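A quick write-up on the structure given underneath.
Laboratory data are not the source of any read-out in this text; all were calculated from the coordinates shown. Please read all numbers here as calculations on a predicted model, not as lab measurements. Positions of Cβ are generated from backbone atoms using ideal geometry, with glycine treated the same way; all protein chains shown enter the neighbour counts.
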Amino acid sequence: MRKKKGPRVLIYDIETAPIIAYVWGLWNNNVGLNQVESDWHLLSWSAKWLDDPPSKIYYQDQRNKKDIQNDKALAKGIWKLLDEADIVITQNGIGFDQKKLNARFIIHGFKPPSSYKHIDTLQIAKKHFGFTSNRLEYMTNKLCTKYKKLAEHKKFPGFKLWSECLKGNIKAWKEMELYNKYDVLSLEELYKKLIPWDSAFNFNLYSDSLKNECSCGSTNIVKNGYSYTASGKWNRLKCKDCGAETREKENLLSKEKRKSLTLRV
């Protein structure tokens with residue numbers, strides 16, 4: 001098991017095979033189960049622990065498998081990492097990746113992994129910003145400087161990358177690996193850009209230290225004026241690295257002052 005101070009934060013992304021079915025048109029199809037030739041399954045996944053170097057990124061796929069649809073070993077690999085995680089970070093993982101993985105877990109007879117909190121950058125983007133697009137490709141292109149989602153797989157453009165992997169094309173698998181890993185690397189950088197704007201998670205809960213830790217991982221936190229509510233005054237804190245704000249729990253107003261307050265009805 002990986003040992004790390006504070007919360008164990010896992011960033012991951014999966015790629016799945018398409019459902020292959022018989023259809024009579026290109027638009028507005030209602031496909032019956034008896035039209036399905038082969039069901040979807042996992043093709044690959046990539047993951048890394050937050051702030052680990054890129055050299056420690058994990059990756060697993062179905063290349064060289066005799067039965068490419070048997071993804072039990074693939075599912076077991078990502079299950080083990082999720083079982084260690086306190087928090088996971090995904091792009092659209094709440095709506096897609098997590099549910100897809102859970103489907104494969106239960107099909108293969110796995111028990112649920114240990115519980116974890118889920119940070120979804122798509123939800124953060126929708127909540128706080130008005131980007132032209134909330135897709136990973138758009139946001140990492142606009143916000144990230146080191147890693148950006150690979151918009152193109154030049155050797156195997158578009159759907160061809162998936163179809164060639166299903167055929168066992170090793171060159172396609174190598175491109176899939178690079179594509180999948182860049183999704184995770186760019187997602188980590190995007191997360192650090194977006195998280196100062198969101199206050200959903202308190203990373204200090206995962207550490208015994210009395211020193212405050214920001215959601216970006218920094219402890220470079222200073223007092224920055226006061227925060228006011230309807231019934232209190234609090235020291236406001238600011239991370240000098242990412243700019244995220246928090247506040248202390250101690251109400252600075254005296255008991256007498258609090259008793260004297262009136263509230264609008």
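Laid out as a table, the results:
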{"item": "Counting DSSP beta bridges with both ends in the chain, the antiparallel % (nearest 5)", "result": "75 percent"}
{"item": "Helical segments meeting 27 Å axial Cα length and Kyte-Doolittle 0.5 threshold in the chain (DSSP H)", "result": "none"}
{"item": "Entry for Rg and Dmax of the Cα atoms in Å (calculated from the structure that is shown) out of (i) 17.9, 53; (ii) 22.6, 77; (iii) 19.3, 67", "result": "(ii)"}
{"item": "Proxy reagent accessibility, fewest Cβ within 10 Å first, across Cys239, Cys165, Cys144", "result": "Cys144, Cys239, Cys165"}
{"item": "Karplus-derived HN-Hα couplings along the range 45-54 (A = 6.51, B = -1.76, C = 1.60, θ = phi - 60°), whole Hz, x at Gly and Pro", "result": "8, 9, 7, 7, 7, 3, 6, 5, x, x"}
{"item": "Alpha-carbon centroid distance for the pair the range 54-132 / the range 179-221, whole angstrom", "result": "19 Å"}
{"item": "Which of Asp198, Asp208 has the fewest Cβ neighbours within 10 Å, and the rest in rising order", "result": "Asp208, Asp198"}
{"item": "Charge dipole of the chain about the Cα centre (unit charges at C-beta), most positive-ward option of Ser38, Cys216, Asn92", "result": "Cys216"}
{"item": "Order of His41, His128, His153 - criterion: other Cβ atoms within 10 Å of each residue's Cβ, fewest first", "result": "His128, His153, His41"}
{"item": "Helix-derived mean residue ellipticity, 222 nm - over the chain, DSSP H n ≥ 4, -39500 (n - 2.57), to 500", "result": "-9000 deg cm²/dmol"}
{"item": "Arg8 long-range amide H proximity, modeled H, under 5 Å", "result": "Asp86, Ile87"}
